[in-house]
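**Q** Just dropping this structure here.
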Ligand SMILES: *Cc1c(COP(=O)(O)O)cnc(C)c1O
């Protein structure tokens, strides 16, 4: 492609993006496409000859947007948000344009050094102490897997990578019943096996794991000849925002010399507001903490901030240095591929730099505080509505509700709401019964979207009866 053509279509792509975002308010949040529609719209065979961009772009506009669920929609209240603030999108354009592979310092010094600085900004922004180092992982799932591999290797005297796991005692990891499924998968992939993921029951208003039961479980395992290796705590569980008592968990971990990883993938962003930090007090004693700037903070996907107290332990677990990756006479530089699972890395720090500089931490705090306030407002209105029951009170910007005494209809209501399209919600289960989750977090959201949400829920409920 010649430069003038490249420029023309790059501008078109930017224009499309802006028009797309501007138009979201009037679109249904969830895609209305039927399974197979998009697949069938694409030809069976790849073309032998090239096509003009004009044609490719027109097909894109015809086929793709209708098949998208609009994550940047102001009334996306499902799952957790995955914001991509315009400032971070612009940075991503630049990153894609430069297209560097940032595995080593030498292969992209600016990406490496900006990553170091941006992770310091984020660390200080969320109030972690300065003895944490940071690295950007592609996802919280990867960060959690890395942390669990460190737990494993640390407990095995760094020999597991060499000797494998057979013949040794069972390695045991502890987590509450509220942790994300990425913890289960990390336990699979690390060879520890989910039979050795010990689930500690939760209790209390914010549904943290019971510290006494945690301590008892560890002691019972020691008596049984097992090898406890670490604890995964959560701040802001996916289903209902559950938060473990991190201080208590860390204290028990230290007693038994266990490694602690805190999964705050969603809630971590809210810690830029000091008033939320009580939810993870004690976190300064953890060994590893992950949160996703690509969720609530506004950095476009993917961008997961992983903080570790001892990066040497992470490198000891993950780094490998075949000859072709050795860099000569560059002592003192960081090669971030030694801190993460994949070798290849994108330049993800640039979007954090753009995002934080554009909004400032205060600007980001304002957005998050509004989301929390609006969530509480909607919760209060639903609480005062006949026939609706609040199942879990708001933790940050997440609560759940259901129709009183009618589980079947609660599930039908979620589907009706999502077909209606004004808002998008997802369901969960609380004590075996369905509940509807609501979480505010879109950067495009306005206060009036709460009224639309309430109205949509009421209209759909009425239509069901
Ligand atoms: C979203 C989420 C994850 C998974 O994050 P990925 O970056 O998609 O791997 C893990 N834990 C919690 C609590 C989450 O909210």
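**Q** State the dimensionless ratio Rg/Rh of the range 101-346 (Rg: radius of gyration of Cα atoms; Rh: Kirkwood radius).
**A** 0.96
**Q** In 5 Å bins starting at zero, report the fraction of Cα pairs in the range 335-465 per bin as a rounded %.
**A** Reading the bins upward from 0: 2, 9, 17, 18, 14, 9, 9, 8, 7, 4, 1, 0, 0.
**Q** By DSSP, what percent of the beta bridges with both residues in the chain are antiparallel, rounded to the nearest 5?
**A** Once the DSSP bridges in the chain are tallied, antiparallel ones form about 60 percent.
**Q** Further question on the same structure: Quote the relative contact order of the chain in percent (integer), defining contacts as alpha-carbon pairs under 8 Å separated by 6+ residues.
**A** Computed value for the chain: 22 percent relative contact order.
**Q** With both bridge residues required to lie in the range 101-346, what share of the DSSP beta bridges run antiparallel, to the nearest 5%?
**A** 40 percent
**Q** Using the alpha carbons of the range 1-160, what is the convex hull volume per residue in cubic angstrom, as a whole number?
**A** Here the figure is 237 Å³ per residue.
**Q** Given N residues in the range 409-465, what is Rg(Cα) / (2.2 N^0.38 Å)?
**A** Taking the Cα Rg and dividing by 2.2 N^0.38 Å, one obtains 1.15.
**Q** Given the rule -39500 (n - 2.57) for each run of at least 4 DSSP H residues, summed and divided by the residues of the chain, what is its mean residue ellipticity at 222 nm, to the nearest 500 deg cm²/dmol?
**A** Mean residue ellipticity at 222 nm (helix-derived): -13500 deg cm²/dmol.
**Q** Write down the radius of gyration of the chain and its Dmax, each obtained from C-alpha positions, in Å.
**A** 23.6, 74
**Q** How big is D, in µm² s⁻¹, for the range 280-360 by Stokes-Einstein at 4 °C and 1.567 mPa s if Rh is the Kirkwood radius over C-alpha pairs?
**A** 87 µm²/s
No lab work stands behind these numbers, since they all come straight from the coordinates. Note that the structure is predicted; figures quoted are calculated from it, not measured.
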